[in-house]
Amino acid sequence: MTTQVVDGTAAGAPSRGRARRPRREGGAGRFLARHWYAWAMCAPVVIVTLVLIGYPLVRGLYLSLTDATEANMGRTIGMNVIPSTYEFVGLSNYADIVTSSEFLSRLGWTVTWTVVCVALHYGIGLGLALLLNRPMRLRSLYRMLLVLPWAVPAFVSAFIWRYLLNGEFGVVNAMLRAAGLAGVDWLDDPLWAKASVIAVNVWLGVPFMMLALLGGLQAIPRELYEAAEVDGATPWQRFRHITLPGLRPVSSTVVLLGTIWTFNQFPVIFLVTRGGPGGSSEILVTYAYRQAFEGIRNYSGSAAWGVLILVLLIVLAVVYRRALRRQGEAW
Amino acid sequence: MRRGISAAAAAAALALAVSACGGQDTPTPSAAPAKSADASAVSGEVTWWDTSDATNEGPVFQDLIKDFQAKYPKIKVNYVNVPFADAQNKFKTAAQSGSGAPDVLRAEVGWVAEFASLGYLAPLEGTPALDKPEDFLASPASSGKYNGKTYAVPQVTDTLGLLYNKELLKKAGHDAPPKTFQELKQVALDVKSKAGADGLALNVDAYFLLPFIYGEGGDLLDVASKKITVASPQSTAGVKIVEDLITSGAAAKPAIQDSYTNAETAFKEGKVAMIFNGPWSNTDNLGGKVFKDKPDNFGIAPVPSGSAKAGSPTGGHDYAVYAGSKNLDASYLFVQFMDSAESQAKVAGKLGLLPARQSAYAMPDAQANDMIAKWKEPMASAVERPWIPEGGQLFQPLLEGYQKIAAGQKGTDAALQDVAKAYQGILKGWSL
């Protein structure tokens, strides 16, 4: 044990000495020599990230530049040998998508869906957080009940909503009819279907916003409100000039997160309306999924969709960060 | 079409002449003993993905497996029930990666050409799995062929028929089910005005649109001349009948989400007099409120005819063997056993599913179930579907078009033009 340690330093010392003498090895070598321990500690994370995220990403990028499908990728299955015949086609997949009539209409609806959902998430979440931030009886019970939608797996909620909103046999329409009103085509009319998926997603997403904002509210010092009250500020002024600025660090993060999640909110659309009726509620991710998994799988086309969605979100995140930084945000 | 009729006619003829069938097998016995001598030496494990209904149908297939194991004790069978809706994608993922794929799959007839074109299936010529192919009904058997080779053998066949509630039709003054689309509309309107129920429930699904398209002489594609015919005048005329049924009120306003379940529920509750559905729904329907105690109230008729003919799509399921299977010999034997006329007759007798072998119709096991005889007539109008690798992609665009028509967003002509355009994107090199 001890000899090993001695060996180690003995071996290490001359090499370090050599590096120091002629300045030939440059900055990189010295950097490595000095920080090897840190690098060794990071290595597992770096390697796992590269394997799980880096490789698929690079592979996806590459596939999106080819015409690969399930039919022309080489493979051998038992007695069947299929040669690889896919080719590099440059940006033609992207050109096809961007010039298709489908793309702009899908993008338009995806943006509408994201903006409306996040605005409602934030608005309702903030309202509930404010209500629950004041002392009242059974407060923890209310908080628990409001978090419930978040605790149920999204796909379970999506199925339940689908049954509730069924036009002929659904509970919602049964209640409307019992009240003497006509039933509504919740999922069968294009406009109502859009409203329904937004409602379901709002129901699912509000708890997260509420919890995050409740945490933010509790971090705002009470003295600020007391001082404002002494100065004669109205409740609206207190909300506008203390609560909102105090929440900003939390809000900016959760709004960005909410935007990305909603933009890619697959289960709600796919399970509640399946993109219907007539494709009217299909967002970009559900459309890309169908490209990939319907019939003979179109690897290149769906990879191009995936990369395009990624690029859209990166652009959004960068613009958003810039805007925040201009307002003096630190991150 | 003509092949479908002749096959069914042959089945009917065979049913009448059971005793004559014995002589037909003379060439096979000489081969069979040699095969079974080899067969008893085969050992291994066979994993079978069954896509049938796990509660109603699965147990019957599991009983067959018990018989198989008794006959071939050296072969172990792993029965896995995979929900039908997931099976296609699940199999493709597993087959392609080479791990986790089953040895034998129950594949829907429309999947086989796609799987075969992708190299996932083993050709069955010269193996025990392709046993007495001349006994298969022509239309279902054709679903297993791709590029001149056989990749799958038919397990059950089915088609759509017109299912009706006899009591409701009688109340409306009709003793017989409608035979043409005009009669369908009239009967439906009569039920609505006289029997206090809706006349017809439509299932907004591309597959259920086919009887109307076939009836007017249309089709989705003309495979022989590589033409997309979904927007042809004939096909358009067929879909316009559906549009008229909806706008005239003969059909209840169709649900678009969960369309199948809603139509079935309405039919079983007696809220609607007629629906289109296949033999797979027999058990479900007979358990419904209005049929449970009165099974005679449940009527089955061929789909009504249009100006050209009466036609409904050929459906059903096939047995296919995965090309990458480590136990090919055992898998072939398993398919041979499961797809024998005796096995098919057992399944038919217990579940009312229609055998894909002519000789099975004549067997007492199959004849014990009266559903088999009742579905014979609808089966006569079964039309062969285009068995091409892209077949699975044809339904989504048509479904979207149908949904738009049903919701009143688009007229038939415009909607079908969109479908044809989508087909051009899927089928490279096909003309309109």
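What follows is calculated from the coordinates using simple rules that are stated; it is not laboratory data. Keep in mind that what you see is a predicted model, and the values were worked out from it rather than measured. For neighbour counting, all protein chains shown are included, and Cβ atoms are generated from backbone atoms with ideal geometry for every residue, glycine included.
If you plug each phi of the range A:48-53 into the Karplus form 6.51 cos²θ - 1.76 cosθ + 1.60 with θ = phi - 60°, what whole-Hz ³J(HN,Hα) values come out, in order, with x for Gly and Pro?
4, 4, 4, 6, 7, 10
How many Cβ atoms of partner chains, on average, are near each residue of B:251-262 if near means within 10 Å of its Cβ?
Details: counts 0, 1, 4, 3, 8, 12, 16, 11, 3, 0, 4, 6.
The mean count of partner-chain Cβ atoms within 10 Å per residue comes to 6.
Using a basic spin-label model with each label point 7 Å from the Cα along Cα→Cβ, how many nm lie between A:Ala182 and B:Lys170?
3.6 nm
At 7 Å along the Cα-to-beta-carbon direction for both A:Ile53 and A:Ala323, put a label point, then send me their distance in nm to one decimal.
In this crude label model, A:Ile53 to A:Ala323 measures out at 2.4 nm.
Report the local net charge at A:Phe155: Lys and Arg +1, Asp and Glu -1, summed over other residues whose C-beta lies under 14 Å from its C-beta.
+1
With each run of n ≥ 4 DSSP H residues scored as -39500 (n - 2.57), what mean residue ellipticity at 222 nm is computed for chain A after dividing by its residue count and rounding to the nearest 500 deg cm²/dmol?
Working: 15 runs with 232 residues, N = 331.
Theoretical 222 nm ellipticity from helices: -23000 deg cm²/dmol.
Under 1.5 on a/c is rounded, so check that first for the protein assembly as shown, then, if it is not, pick prolate when a/b is larger than b/c and oblate when it is not; a ≥ b ≥ c are the square roots of the alpha carbon gyration tensor eigenvalues. Don't skip to the end; give the middle numbers.
Numbers: a/c = 2.19, a/b = 1.37, b/c = 1.60.
Oblate is the answer for the protein assembly as shown, as a/c is 1.5 or above yet b/c matches or exceeds a/b.
Per residue of chain B, what 222 nm ellipticity follows from adding -39500 (n - 2.57) for every DSSP H run with n ≥ 4, rounded to the nearest 500? Kindly include the intermediate steps, with their values, before the conclusion.
Details: 20 runs with 189 residues, N = 432.
Computed mean residue ellipticity for chain B: -12500 deg cm²/dmol.
About the Cα centre, and with charges only on the beta carbon of Lys, Arg (+1) and Asp, Glu (-1), how big is the dipole of the range A:27-99? Nearest 20 debye, please. Intermediate results must be reported in sequence, preceding the final value.
Details: 4 positive and 4 negative charges, 115 e Å.
It works out to roughly 560 debye.
Name the long-range amide H neighbours of B:Gly316: under 5 Å, sequence gap of 5 or more, or other chain; modelled H, no Pro or chain starts.
Those lying under 5 Å, H to H, from B:Gly316 are B:Val109, B:Asp158.
Whose amide H sits under 5 Å from the amide H of B:Thr150, counting only residues 5 or more places off or on another chain, with H placed in the peptide plane?
B:Leu124, B:Glu125
Got a sec to turn the phi values of the range B:269-284 into Karplus ³J(HN,Hα) couplings, 6.51 cos²θ - 1.76 cosθ + 1.60 with θ = phi - 60°, whole Hz, x for Gly and Pro?
7, x, 7, 9, 8, 9, 9, 9, 6, x, x, 4, 8, 3, 4, 4
Counting other Cβ atoms within 10 Å, which GluC sites (Glu not before Pro) in the range B:121-169 have at most 13 and lie in a DSSP loop?
Of the GluC sites (Glu not before Pro), the ones in loops of the range B:121-169 whose Cβ has at most 13 other Cβ atoms within 10 Å are B:Glu125.
Which pairs in the list A:Lys194/B:Lys421; B:Lys240/B:Lys404; B:Lys74/B:Lys326 are over 18 Å apart, alpha-carbon to alpha-carbon?
Numbers: A:Lys194/B:Lys421 25 Å; B:Lys240/B:Lys404 13 Å; B:Lys74/B:Lys326 15 Å.
From A:Lys194/B:Lys421; B:Lys240/B:Lys404; B:Lys74/B:Lys326, over 18 Å: A:Lys194/B:Lys421.
Once both labels are modelled 7 Å past Cα along the beta-carbon direction, what's the A:Leu141-B:Glu183 spacing in nm?
Modelled inter-label distance: 6.5 nm.
Hey, quick one: spin label on A:Glu226, modelled 7 Å out along Cα-Cβ, who in the range A:131-151 has an amide N within reach, i.e. under 20 Å?
Within reach of a label on A:Glu226, which here means backbone N under 20 Å from a point 7 Å along Cα→Cβ, the range A:131-151 contributes A:133-136.
When the distances between all Cα atoms of the range B:206-337 are binned every 5 Å from zero, what whole-number percent does each bin get?
2, 8, 14, 15, 15, 13, 10, 10, 7, 4, 1, 0
Would you list B:Tyr120, B:Tyr214, A:Tyr62 from fewest to most Cβ contacts within 10 Å?
Numbers: B:Tyr120 30, B:Tyr214 27, A:Tyr62 13.
Ordered by Cβ neighbours within 10 Å, fewest first: A:Tyr62, B:Tyr214, B:Tyr120.
So how do A:Asp188, B:Asp284, B:Asp258 line up by other beta-carbon neighbours within 10 Å, fewest first?
Going from least to most buried by this count: B:Asp284, B:Asp258, A:Asp188.
Among A:Leu130, A:Leu146, which comes first, second and so on when ranked by fewest other beta-carbon atoms within 10 Å? Don't skip to the end; give the middle numbers.
Values: A:Leu130 15, A:Leu146 19.
Arranged by neighbour count, lowest to highest, A:Leu130, A:Leu146 become A:Leu130, A:Leu146.
Inside 10 Å of the C-beta atoms of A:64-77, what's the mean count of C-beta atoms belonging to other chains?
On the way: counts 0, 0, 0, 0, 0, 1, 7, 6, 0, 2, 0, 8, 4, 13.
Taking all residues of A:64-77 together, the mean is 3.
Please give the helix B:206-215 orientation as an angle from the longest Cα principal axis of chain B, in degrees from 0 to 90, rounded to the nearest 10.
The answer is roughly 70 degrees.
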